[in-house]
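The values are calculated or read from the model by the stated rules, or taken from the named source; none is laboratory data. All figures in this text were calculated on a predicted structure; none of them were measured in a lab. Glycine gets a Cβ as well: all are built from the backbone with ideal geometry, and neighbour counts include every protein chain shown. Ligands, DNA and RNA are excluded from the accessible area calculation, which covers all protein heavy atoms including side chains. Shrake-Rupley method; radii C 1.70, N 1.55, O 1.52, S 1.80 Å.
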Amino acid sequence: MDTTPLFTNDTIVFGLLMLSLGFVFYTESIKTGFWPKFYKIVPGLFMAYMIPALLTTIGLISPEWTSVSETGVETEGSSSLYYIASRYLLPAALVLMTLSIDLKAVFNLGWKALVMFFTGTLGIVIGGPIAILLISAIYPSAVGGVGPDAVWRGLSTLAGSWIGGGANQTAMLEIYEYNQAKYGAMVFVDIVVANIWMAIILIGIGKRDRINKWLKADTSSIEDLKEKVSTFSEKVKRNPSLTDIMIIGAIAFGAVGAAHLCSGFLAPYFKDIVSTIENLTVRNIFTFLGSSFFWMISIATLIAILLSYTKAKNYEGAGASKFGSVFIYILVATIGMKMDLTLIFDNFGLIAIGIVWMTIHALLLIGVAKLIKAPYFYLAVGSQANVGGAASAPIVASAFHPSLATVGVLLAVFGYAIGTIAAIGCTILVELAAAG
């Protein structure tokens with residue numbers, strides 16, 4: 001089947017994404033008429049995500065496709081925009097947004113951030129088996145299969161992805177030896193369900209004041225951090241010169257280059273060490289240490305934190321975090337283009353399991369947030385640090401305030417560390433539920 005979109009040239013696709021972002025920001029700046037009412041309901045960040053998803057859904061663009069020639073030969077094609085945005089622009093954004101961070105104030109955010117993160121993890125661990133039990137009662141064939149084809153083995157990869165990230169997902173594929181020919185269906189469920197949940201979280205950000213009021217949340221520590229950063233930004237604010245802009249670019253992409261350089265050494269080094277571990281389970285728990293993406297994000301964040309103790313932090317006054325926000329929005333648009341809304345209706349049994357699974361994750365987060373009066377910020381970032389990982393947790397965090405992006409990264413990196421072992425616990429429960 002030929003799934004080639006109308007535009008396959010990344011230059012053209014990038015132009016469409018930028019036009020989409022320009023449209024969102026222009027309409028959001030209009031102060032009268034329809035648009036102010038619209039953006040009171042739907043936040044701009046959600047639109048930056050959804051318009052590219054609509055472009056993919058109607059076939060104008062696509063993250064990947066299959067082309068069929070006149071002779072019937074199939075060739076695979078894909079866009080490299082998400083890769084570029086996640087590997088180059090994301091670490092650059094993290095550097096620029098972290099320059100002015102007050103690390104002590106971040107740690108003063110307190111225990112509720114960690115509680116919500118672990119609640120998100122627990123929601124994934126128990127959500128899987130509960131989803132299996134519920135869906136199997138309605139649609140038994142959705143949870144069947146034997147040997148390498150057993151659905152529970154495939155769901156183990158979802159647990160790895162939704163607690164940790166790509167490296168943890170791959171580790172679970174190796175541990176439980178799921179049929180790789182069917183693995184694509186699990187990746188598909190991962191993309192669809194995780195993106196639907198991220199869209200809901202983005203909508204919630206626009207209503208965070210109302211949600212926080214319902215949660216009876218104490219947002220003082222978050223507001224204190226935002227106030228400190230804003231006060232510092234105003235103190236050093238200046239009209240940026242060309243020199244300022246070039247130095248900001250040098251700081252951002254110099255750090256990105258250093259992060260890629262170091263990850264190029266560290267990832268293979270640790271991969272070799274991990275490969276020598278004899279116990280298969282232990283070996284796969286530490287698989288994330290062989291991920292170059294993990295090291296790149298961690299090193300970029302570390303460099304930025306170190307720079308925040310130098311005069312480089314004064315470039316916040318020249319708009320460093322604004323440039324970081326530009327990069328984040330481009331990343332959001334490339335994530336949005338990965339979402340074809342029509343795919344929700346394909347492979348409905350697995351999608352139903354994923355939706356029930358994520359619903360349990362969400363309900364547990366809401367319940368605990370209400371119980372401990374945690375702000376919506378902790379709920380949203382705690383969830384995305386699990387489900388979305390280092391690519392989307394800083395997006396959600398920075399939507400509250402650019403200075404909060406670091407919180408998303410720190411929690412996401414923690415997710416990588418516990419991802420595989422927590423996913424193994426989840427899979428044991430999923431297997432028992434499937435057998436029952």
Using helices alone, I'd like the mean residue ellipticity at 222 nm for the chain: each DSSP H run of four-plus residues gives -39500 (n - 2.57), total over residue count, nearest 500.
-23500 deg cm²/dmol
With θ set to phi - 60°, apply the Karplus curve 6.51 cos²θ - 1.76 cosθ + 1.60 along region 410-418 and write out the HN-Hα couplings as whole Hz, x wherever there is a Gly or Pro.
4, 5, 5, 5, 5, x, 4, 5, 9
Dipole check, region 1-148, charges on Cβ (K,R +1; D,E -1), about Cα centroid: among Leu134, Ser86, Gly110 the Cα furthest to the positive pole belongs to Gly110
Quickly work out the Leu341-to-Ile138 label distance, labels modelled 7 Å from Cα along the C-beta direction, and quote it in nm with one decimal.
2.2
With charges only on Cβ, +1 for K and R and -1 for D and E, what is the dipole size of region 100-255 about its Cα centre, in debye, rounded to 20?
520
The chain: most fluctuating residue of Phe270, Phe34, Phe377 per GNM, C-alpha cutoff 10 Å
Phe34
Quick check on region 313-436: take the gyration tensor over C-alpha atoms, sort the square-rooted eigenvalues as a ≥ b ≥ c, and tell me if it's rounded (a/c under 1.5), prolate or oblate.
prolate
Principal-axis tilt of helix 151-163 within the chain, Cα atoms, nearest 10 degrees:
10
For region 70-75, Karplus couplings with θ = phi - 60° (6.51, -1.76, 1.60), whole Hz, Gly/Pro x
4, 8, x, 7, 9, 10
Counting only residues 5 or more places away or on other chains, whose amide H sits under 5 Å from the amide H of Lys373 once H atoms are built in the peptide plane?
none
Explain nothing, just compute: Karplus ³J(HN,Hα) = 6.51 cos²θ - 1.76 cosθ + 1.60, θ = phi - 60°, for every residue of region 192-198 in order, whole Hz, x for Gly and Pro.
5, 5, 4, 6, 4, 5, 5
Point-charge dipole on Cβ atoms (K/R +1, D/E -1) for the chain, about Cα centre, debye to 20:
1840
Given R₀ = 51 Å, FRET efficiency for Val187-Ser220 by Cβ-Cβ distance, to 0.05?
0.80
Please label the shape of region 53-145 as rounded, prolate or oblate, based on the square roots a ≥ b ≥ c of the eigenvalues of the alpha-carbon gyration tensor (a/c under 1.5 means rounded; beyond that, a/b larger than b/c means prolate, else oblate).
oblate
Between Leu114 and Ser80, the two model label points (7 Å from Cα along the beta-carbon direction) sit apart by a distance in nm of 4.2
Compute the distance in nm between two label points, each set 7 Å from the Cα along the Cα-to-Cβ direction, one at Phe253 and one at Glu177.
4.8
Exposed-site-free run, longest, the chain (rule: trypsin sites (Lys or Arg not before Pro); DSSP loop; at most 16 other C-beta within 10 Å)
32-181
Probe 1.4 Å, protein heavy atoms only - accessible area per residue of region 74-167 in square angstrom
38
Share of region 86-200's accessible area from carbon and sulfur, percent, 1.4 Å?
66
Only Lys, Arg, Asp and Glu count, each charged at its Cβ (+1, +1, -1, -1), so figure out the dipole size of region 24-148 about its Cα centre, rounded to 20 debye.
760
Placing +1 on each Lys and Arg Cβ and -1 on each Asp and Glu Cβ in the chain, then taking the dipole about the Cα centre, the residue among Gly44, Ser100, Gly415 whose Cα reaches farthest towards the positive end is Ser100
Assuming a ≥ b ≥ c are the square roots of the Cα gyration tensor eigenvalues, decide whether region 174-312 counts as rounded (a/c under 1.5), prolate (otherwise, with a/b larger than b/c) or oblate.
oblate
Considering the Cα positions of the chain, please state its Rg to one decimal place and its Dmax as a whole number of Å.
21.7, 67
For the chain, averaging the sequence separation of alpha carbon pairs under 8 Å that lie six or more residues apart and dividing by its residue count, the contact order in percent is 34
Can you list the lysines whose alpha carbon sits under 20 Å from that of Lys370, skipping same-chain ones fewer than 8 residues off?
Lys112, Lys207, Lys213, Lys216
